[in-house]
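J.: I'd like to ask you about the structure that follows.
The values are calculated or read from the model by the stated rules, or taken from the named source; none is laboratory data. These numbers were taken from a predicted model, which means no experiment stands behind them. With ideal geometry, Cβ positions are generated from the backbone for all residues, glycine too; neighbour counts draw on all protein chains shown. The accessibility values were calculated without ligands, DNA or RNA, using every heavy atom of the protein model including side chains. Shrake-Rupley method; radii C 1.70, N 1.55, O 1.52, S 1.80 Å.
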Amino acid sequence: QVETYGLQTDDFDTYRSSDYAFSTPNDTIFFLILNGYLDALNQREANDGFDTTTTDLQTMTVDSFRRAIAITYDRELFASTVSPARSGAYGLIGDAYLYDPESGSRYRDTDQAKQALCDFYSVDVSQYSSLDEAVESITGYDPETAKELYAQAFDEAIAAGYITDEDGDGISDQTVTIEYAISQDSDFMTTTIDYLNEKMQYAYENEWSNRIRAGMSDTVLAGWAGSTFNPFSLTDLYTNPSKQYDANWFDATSVELEIEVDGTPISMNLKQWSDALNGTTVTVGGTEYNFGEASADIETRLDILAAIEGRVLQTYDYIPMLQDSSMVLLSQQVYYVVEEYNP
């Protein structure tokens, strides 16, 4: 117990930054799932008792509003505030995922994965000495751009009739209200919601998964676990309607993505790319494609995985917030033989 101490809530302020504190990443990336099911939101606003003169739900479907939320929170500050054993998250695929288990090679360490994050967070790699330095600059927090996007969302929501500004003071007559869905209350959830409420308001509900999918609740901090040695399989979670959280408002078969493979640009929809990446032969324009483990080299597969991750991030249905992990404090007489955790 003295040699390795599991940090408790009260310890984190003192020891989280210690040279002897080690974090072990788990599978899950926790992201905010944002409701984009406009039909369900319209129905909720049409219900008796809903006051459209003071409250609005529809604005959360506006792309600029969702983009603003994505850069409203400093991820490391969020993690240290609500769950200090965890760290900030920036992509859909976490630090623990290995694309080559035998060598311990991580997806997030690849140039493809790093470039996907730089593209999503609008980081100009040419302004840094290396791709690594560019990625390290990402915080997920850009208050000036967020302000511009919220202002743009205000104008677009006015134009769409979602909100009004009768007195012309630049403040909507309605409060955009986002309902948080949870399975049970806890100190962690209370801390999380208190933090998020600096920008957004939430209400508590049960059966969170079904309520999110049906558009009856609006956001939840959730994630996926498993397939640590096969990050490629995770694409199915975001393109297969039987698994997607956002299947009622995002159709992966309707989104085209062009990827260059061996110097040749190939265009398929997201679902086809995911299926082909996971070993299914897909026929497009009379040509068969299969980019499974037995059919394509690893660099091509990483290119495809990173391209799919980047495109799904651009839906702003899933905003990465936390990398799940646990944290212990070692004594000065104890060390890990290898300080970098390998699943």
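J.: Hey, can you tell me all the residues within the range 89-144 that are within 15 Å of ASN26 (Cα to Cα) and among the acidic types (Asp, Glu)?
T.: ASP95
J.: Next question. Filter the range 93-105 down to residues that are open to solvent by 30 Å² or more (accessible area, probe 1.4 Å) and either free of Cβ contacts under 8 Å to residues at least 12 places away in the same chain or under 17 Å from the mean Cα position of the chain (by Cα) (or both), then give me how many there are.
T.: Step one: filter the range 93-105 for residues open to solvent by 30 Å² or more (accessible area, probe 1.4 Å), giving 95, 99-103, 105.
Still in the running and either free of Cβ contacts under 8 Å to residues at least 12 places away in the same chain or under 17 Å from the mean Cα position of the chain (by Cα) (or both): 95, 102-103, 105.
Residues flagged as open to solvent by 30 Å² or more (accessible area, probe 1.4 Å) and either free of Cβ contacts under 8 Å to residues at least 12 places away in the same chain or under 17 Å from the mean Cα position of the chain (by Cα) (or both) within the range 93-105 amount to 4.
J.: Here is a check on your reading of the model: is SER129 open to solvent by 80 Å² or more (accessible area, probe 1.4 Å), closer than 14 Å to TYR90 by Cβ, assigned to a loop (DSSP other than H, G, I, E, B) and not aromatic (Phe, Trp, Tyr)? Full working, then the answer.
T.: On the way: open to solvent by 80 Å² or more (accessible area, probe 1.4 Å): yes; closer than 14 Å to TYR90 by Cβ: no; assigned to a loop (DSSP other than H, G, I, E, B): yes; not aromatic (Phe, Trp, Tyr): yes.
It is false that SER129 is open to solvent by 80 Å² or more (accessible area, probe 1.4 Å), closer than 14 Å to TYR90 by Cβ, assigned to a loop (DSSP other than H, G, I, E, B) and not aromatic (Phe, Trp, Tyr).
J.: Let me ask something else. Against the condition in contact with a Lys or Arg (Cβ under 9 Å, 6 or more places away or on another chain), modelled with pLDDT of 95 or more and surrounded by fewer than 21 Cβ atoms within 10 Å (Cβ to Cβ), how does ASN240 come out, does it pass? Even if it seems obvious, please write down each step before you answer.
T.: Values: in contact with a Lys or Arg (Cβ under 9 Å, 6 or more places away or on another chain): yes; modelled with pLDDT of 95 or more: yes; surrounded by fewer than 21 Cβ atoms within 10 Å (Cβ to Cβ): yes.
Answer is yes for this residue.
J.: Provide a single number: the residues in the range 144-162 that are open to solvent by less than 70 Å² (accessible area, probe 1.4 Å) and touching a residue at least 60 places away in the same chain (Cβ under 8 Å).
T.: Keep residues of the range 144-162 that are open to solvent by less than 70 Å² (accessible area, probe 1.4 Å), which gives 145-146, 149-151, 153-154, 157-158, 160-162.
From what is left, the residues that are touching a residue at least 60 places away in the same chain (Cβ under 8 Å) are 145-146, 149-150, 153, 157, 160, 162.
The qualifying residues number 8.
J.: Please verify whether ASN248 is of a type in the set (S, T, N, Q), in contact with a Phe, Trp or Tyr (Cβ under 6 Å, 6 or more places away or on another chain) and open to solvent by 20 Å² or more (accessible area, probe 1.4 Å), treating the condition exactly as stated.
T.: Details: of a type in the set (S, T, N, Q): yes; in contact with a Phe, Trp or Tyr (Cβ under 6 Å, 6 or more places away or on another chain): yes; open to solvent by 20 Å² or more (accessible area, probe 1.4 Å): yes.
Taking the combined requirement at face value, the residue satisfies it.
J.: Quick check on SER295: is it surrounded by 12 or more Cβ atoms within 10 Å (Cβ to Cβ), out of contact with any strand residue (DSSP E or B) (no Cβ under 6 Å at 6 or more places or on another chain) and of a type in the set (S, T, N, Q)? Spell out how you get there, then give the answer.
T.: Details: surrounded by 12 or more Cβ atoms within 10 Å (Cβ to Cβ): yes; out of contact with any strand residue (DSSP E or B) (no Cβ under 6 Å at 6 or more places or on another chain): yes; of a type in the set (S, T, N, Q): yes.
Yes.
J.: Can you name the strands (runs of 3 or more DSSP E) wholly within the range 253-343 that have at least 1 residues being under 30 Å from PRO84 (Cβ atoms)?
T.: Details: elements: 256-261, 264-269, 282-284, 287-289, 318-330.
Answer list for the range 253-343: 318-330.
J.: Which one of the conditions (1) in contact with a Pro (Cβ under 9 Å, 6 or more places away or on another chain); (2) open to solvent by less than 60 Å² (accessible area, probe 1.4 Å) does LEU41 fail to meet, given that it meets all the rest?
T.: (1)
J.: Sticking with this one: Being open to solvent by 40 Å² or more (accessible area, probe 1.4 Å), of a type in the set (Phe, Trp, Tyr), part of a loop (DSSP other than H, G, I, E, B) and touching a residue at least 40 places away in the same chain (Cβ under 8 Å) is the requirement here; does TYR90 meet it?
T.: Details: open to solvent by 40 Å² or more (accessible area, probe 1.4 Å): yes; of a type in the set (Phe, Trp, Tyr): yes; part of a loop (DSSP other than H, G, I, E, B): yes; touching a residue at least 40 places away in the same chain (Cβ under 8 Å): yes.
Against the criterion (open to solvent by 40 Å² or more (accessible area, probe 1.4 Å), of a type in the set (Phe, Trp, Tyr), part of a loop (DSSP other than H, G, I, E, B) and touching a residue at least 40 places away in the same chain (Cβ under 8 Å)), TYR90 qualifies.
J.: Residue pairs, Cβ under 8 Å, 6 or more apart or interchain, first in the range 226-242 and without any contact (Cβ under 8 Å) to a residue 40 or more places away in the chain and over 15 Å from PRO343 (Cβ atoms), second polar (S, T, N, Q) and in a helix (DSSP H, G or I). List them.
T.: Partner pairs satisfying both residue conditions: ASN240/SER274.
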